[in-house]
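What follows is a short report on a single structure.
The values are calculated or read from the model by the stated rules, or taken from the named source; none is laboratory data. Bear in mind the structure is a predicted one, so any value in this text is a computation, not a measurement. Every residue, glycine as well, gets a Cβ built from its backbone with ideal geometry; the counts of neighbours run over all protein chains shown.
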Amino acid sequence: MKHRERLTAPVGWWLGATGFGITCGWLVFVATTPVFATVATIVAAAIGYGFVGAYGALRVAVGNELHAGRAHVTPEFLGQVEVLDRTAYREVMGPRADVRAWLATRPWIDTGVRVTIDDPADPHPYWLLGSRRPDRLAAAIEDLRQTGRRTTAGGTPQKGS
């Protein structure tokens, strides 16, 4: 594996889930007993933690293919790789966005890479990948592009979905 990163939620989101649990517990406490309030607090916080954990479970990895979540693309379809600083990332996410682009981003990540997809059959002109270490991600993708090109036994390129 050349690069692996999990776009985990920041501490503030976990504190928000805790606050959600406490608020729900307080609402139950004013209407019932402390035992029910404690149970409500624990259940509500667990639900909040579950949502935050699931949303922050997005993985971006470069090995034999580029993976972002469940999606992957093989090296022969990787095009130009562009490192995006905070300003460029916001531009590509906003005014310069292409609605056909495939996004693997999270709201707490403000840097990333843009990878052109060189496959005429693919409806996505590029992938926009959020990353806390965009330079390392771009270097790994570029290395995969240069050294990882592979074909099937019949000589046809393999395409990830």
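Mind checking which pairs have a first residue in the stretch 61-74 that is touching a residue at least 40 places away in the same chain (Cβ under 8 Å) and a second that is among the aromatic types (Phe, Trp, Tyr), Cβ under 7 Å, 6 or more apart or different chains?
Every condition considered, the pairs that remain are Ala68/Trp127; Ala71/Trp102.
Those residues that are exposed (fewer than 13 other Cβ atoms within 10 Å of the Cβ) and within 15 Å of Ala54 (Cβ to Cβ), I need them from the stretch 1-15; list them, please.
Scanning the stretch 1-15 gives a single hit, Arg6.
Which strands (runs of 3 or more DSSP E) sit wholly inside the stretch 80-161 and have at least 1 residues that are modelled with pLDDT of 95 or more and farther than 30 Å from Trp13 by Cβ?
Qualifying strands (runs of 3 or more DSSP E): 112-117.
Could you tell me whether Leu58 is surrounded by 15 or more Cβ atoms within 10 Å (Cβ to Cβ), within 16 Å of Pro107 (Cβ to Cβ) and touching a strand residue (DSSP E or B) at 6+ places or on another chain (Cβ under 8 Å)? Show your work before the answer.
Working: surrounded by 15 or more Cβ atoms within 10 Å (Cβ to Cβ): yes; within 16 Å of Pro107 (Cβ to Cβ): yes; touching a strand residue (DSSP E or B) at 6+ places or on another chain (Cβ under 8 Å): yes.
Criteria met by Leu58.
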